[in-house]
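Novice: I have a structure here, written as structure tokens, and I will follow up with some questions on it.
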Amino acid sequence: MKKLLVIIVLAGCLTSQALAQETPSLKYHECGIIFSGLNSFGLRYKYGSEKTKLRLSLLATNLFLGNGNNDNNGNGEVKSKSIAYGAGFLIGFDHNFPLFGSFSLLLGAEAGLSYSYSHQTLNRSDTVYSEQISSSFTPGLSFIFGLNYVIKDHLVLGAEINPTLYYTFQDDKSKKLNEWEDKTNRIGFSLATSGAGLYIAYRFGK
């Protein structure tokens, strides 16, 4: 019994010493800007170890504002005005797999919710001829496939492709000559892969 007690005490001392000598993993912060196409951009924040990080993203999407004129086959000038915008929020994790040099493969997943809105009007002789309004909410789950390059331990350059499973709740309305003609509600499920998104960030330690 005494021998067993001595063994337990020795094992406890050795374990405590090993834990005391173990170097805790360093934590990093990353703050950066993301771009996807010409009309979508956002901010991204990451926190975690060299291998695994939590990521939060705020996006502004589908930004558009435009005006146009059309003679409409001699029936009077038709003026068009369009506005569109969207916003989104994403949260997830990514994991780094070192490749060579300062390059690393990035894999992970994130969930998010986005909102989009568009409004188009056609005016003839300063009177609203037709109007279309569309809005949608889209929850989704994205998979992360990317490549990172780190410059002098602080500047991070990256590119990602994000296949996304999403569910859309959409509301469309249209009217002509001040009378609402149609109103539809649509729910859809789909898989989409957008073009590569670009990412630039500054990394600093805790």
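The values are calculated or read from the model by the stated rules, or taken from the named source; none is laboratory data. Everything numeric in this text was worked out from a predicted model, so none of it was measured. Cβ: placed from backbone, ideal geometry, glycine included. Neighbour counts: every protein chain shown.
Novice: Please find, among LEU106, LEU113, LEU141, the residue that is of a type outside the set (Phe, Trp, Tyr), at pLDDT 85 or above, in contact with a Gly (Cβ under 6 Å, 6 or more places away or on another chain) and not in a loop (DSSP other than H, G, I, E, B). Even if it seems obvious, please write down each step before you answer.
Specialist: Working: LEU113 fails: in contact with a Gly (Cβ under 6 Å, 6 or more places away or on another chain); LEU141 fails: in contact with a Gly (Cβ under 6 Å, 6 or more places away or on another chain).
Answer to the selection: LEU106.
Novice: Okay, moving on. In the stretch 61-72, is there at least one residue being surrounded by 12 or more Cβ atoms within 10 Å (Cβ to Cβ), within 22 Å of LEU141 (Cα to Cα) and at pLDDT 90 or above?
Specialist: Scanning the stretch 61-72 turns up no residue that is surrounded by 12 or more Cβ atoms within 10 Å (Cβ to Cβ), within 22 Å of LEU141 (Cα to Cα) and at pLDDT 90 or above.
Novice: Scan the stretch 132-142 and give yes if some residue there is in contact (Cβ under 8 Å) with a residue 60 or more places away in the chain and more than 18 Å from ASN62 (Cα to Cα), otherwise no.
Specialist: Within the stretch 132-142, none of the residues are in contact (Cβ under 8 Å) with a residue 60 or more places away in the chain and more than 18 Å from ASN62 (Cα to Cα).
Novice: Quick one: in the stretch 187-206, of everything that is under 24 Å from TYR45 (Cβ atoms) and of a type in the set (A, V, I, L, M), which residue is modelled with the lowest pLDDT?
Specialist: Per the criteria, the residue is ALA196.
Novice: Can you work out which of the residues in the stretch 130-149 that are buried (at least 17 other Cβ atoms within 10 Å of the Cβ) and of a type in the set (Val, Ile, Thr) is farthest from GLN170 (Cα to Cα)?
Specialist: ILE144
Novice: What do you reckon, is LEU177 at negative phi, modelled with pLDDT under 90 and aliphatic (A, V, I, L, M)?
Specialist: Numbers: at negative phi: no; modelled with pLDDT under 90: yes; aliphatic (A, V, I, L, M): yes.
Here the answer is no, as LEU177 does not meet what is asked.
Novice: Condition test on LEU90, is it modelled with pLDDT of 90 or more, surrounded by 13 or more Cβ atoms within 10 Å (Cβ to Cβ) and in contact with a strand residue (DSSP E or B) (Cβ under 6 Å, 6 or more places away or on another chain)?
Specialist: yes
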